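Written out below as C-alpha cells is the structure these notes cover.
Since every read-out is calculated from the coordinates, none of them should be taken as a lab result. Just so you know, these numbers come straight off a predicted model, no measurement behind them. For neighbour counting, all protein chains shown are included, and Cβ atoms are generated from backbone atoms with ideal geometry for every residue, glycine included.
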Amino acid sequence: MKKARRFSLLVTALVAVASSFALHAAAGAQKHANRLEATFTESTASVTNRIADLGTFQLINTGSGAADGFGAATVVVGITQDRAVTPCGPGSWTNAATRRIVLEEGVLLLRELSTACPTPTGPVITGTYEVDGLSSTGIFAGARGEGDLTVNVPTNTATLSGKLKLARKQ
C-alpha cells in the first residue's frame, strides 16, 4: 500500500513538473509570436541623388541590431525619399522603404511609409510598417502585422514596435 501511494505521489509530481515546463515553453513561444520590438544601428551603403531633376533621393542602408524574442539581426533598407514634398515644413520629406531583417529563424520583410521632420538636432523619421508575409521566409513566411517606426537620423538608430502574428505555430 505504501509503495502504491509513493508511486502515485511520484507520478503526480512528475506530471506537475512536466506541465510546468510545457506551460513555460508555450508562454515563451507566444512572447515573440505577437509582438515585434526591434532596434537597429544603420549606416548608408549607397546613395542616388536625383533631387535636382526628379525631386527624389534614394538610399540603401545596412546595419545590425536585435529583435526581442528573436535575437541578433542584420538589416538592409532600401529607401526612396520624395524631397519635392514638405509635409512638416521646409527641410521635411516623405519616405517609402523596404526593410529586410535577417534573423536566425528566417527573413522578415517590412514595407514602410514615413515622414522626416526637422528637429534642432537633425531629422527624425516617424511612420508605420506592414509585414510582407509573402516575401518573408522561415518562421516569418505568411506572417502578418503592423506597427510604428522611429528613425533618429543623427544617431543612425531605427526602432520598430508593433504586432507580429506568425502564420504557423513554432
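Numbers below:
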quantity: From phi via Karplus (6.51, -1.76, 1.60), per-residue ³J(HN,Hα) for region 101-116 in Hz, x at Gly/Pro; calculated: 9, 9, 10, 4, 8, x, 10, 10, 10, 10, 9, 10, 10, 8, 10, 9
quantity: Cα centroid separation, region 104-157 to region 33-48 (Å); calculated: 7
quantity: Cα-centred dipole magnitude for region 45-132, charges only on beta-carbon of K, R (+1) and D, E (-1), debye, nearest 20; calculated: 300
quantity: Sequence-distant residues sharing a close amide H with residue 145 (under 5 Å, placed H); calculated: 131, 165
quantity: Residues whose placed amide H lies under 5 Å from that of residue 91, excluding near-sequence neighbours; calculated: none
